[in-house]
Amino acid sequence: MTPLIFISIVTLILVLLVFWILSSLEKKPPEYLGNRGEAKFETSQELFRYIDQDPIQDEDVLHLDYQKEELKLFWNISQCTWQHSWQQYTKQEDSPDLLIRIFDSHSQTMDIPVQDRQGRQKVKTGSFKPSYGVMGVKVENEFIPLFLSHSLH
């Protein structure tokens with residue numbers, strides 16, 4: 001009978017201790033935690049790097065991203081390439097017509113006219129499955145390539 005009384009007393013003490021701890025807890029968080037809605041987190045530059053929205057102006061870039069019959073294009077023509085193409089291929093004062101020519105694996109092409117040296121665009125391709133792209137200028141109905149994109153396959 002003595003062990004039963006001992007177990008009962010220990011259980012009663014533990015229950016009272018748990019009740020006392022739970023009743024002494026505050027309903028709101030302690031002040032050192034502050035307001036959780038206004039929490040500020042520290043970040044470290046070593047853990048990630050910022051990605052610029054605009055590429056470096058000295059680089060020629062043609063980036064293609066193809067997903068579910070939609071092609072996302074991102075391009076930038078450097079000042080050097082632009083001046084070279086303008087001086088070499090254009091006899092007029094107007095700038096040459098910019099064009100992105102998209103090729104598929106069967107050598108079919110899709111031409112996408114662009115207005116600026118830098119930009120981004122989404123294009124619905126339907127059954128056309130792009131393989132790579134070429135940024136170029138169109139002079140007198142002739143396409144003159146400037147640089148290639150990466151391959152999608």
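The values are calculated or read from the model by the stated rules, or taken from the named source; none is laboratory data. If you're wondering where the values come from, they're calculated on a predicted model, not measured in any experiment. Here the Cβ is made from the backbone with ideal geometry for all residues, glycine too, and neighbour counts use every protein chain on show.
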TODO: Please go through region 66-80 and pick out each residue that is surrounded by fewer than 18 Cβ atoms within 10 Å (Cβ to Cβ) and either more than 15 Å from the chain's Cα centre (by Cα) or outside the structural domain of K124 (by TED's automatic domain parsing) (or both).
DONE: K68, E69, E70, Q79, C80
Task: Answer from L99, L152 - the residue that is in contact with a strand residue (DSSP E or B) (Cβ under 8 Å, 6 or more places away or on another chain), assigned to a loop (DSSP other than H, G, I, E, B), of a type in the set (A, V, I, L, M, F, W, C) and surrounded by 11 or more Cβ atoms within 10 Å (Cβ to Cβ) - done: L152
Task: Odd one out for S107 among (1) outside the structural domain of G119 (by TED's automatic domain parsing); (2) at pLDDT 60 or above - done: (1)
- [ ] Please specify each residue of region 44-88 satisfying the condition of being among the hydrophobic types (A, V, I, L, M, F, W, C), in a loop (DSSP other than H, G, I, E, B) and at pLDDT 85 or above.
- [x] I77
TODO: Could you tell me whether any residue of region 124-131 is in contact with a strand residue (DSSP E or B) (Cβ under 9 Å, 6 or more places away or on another chain), under 21 Å from Q79 (Cα atoms) and either modelled with pLDDT of 85 or more or loosely packed, with under 11 Cβ neighbours inside 10 Å (or both)?
DONE: no
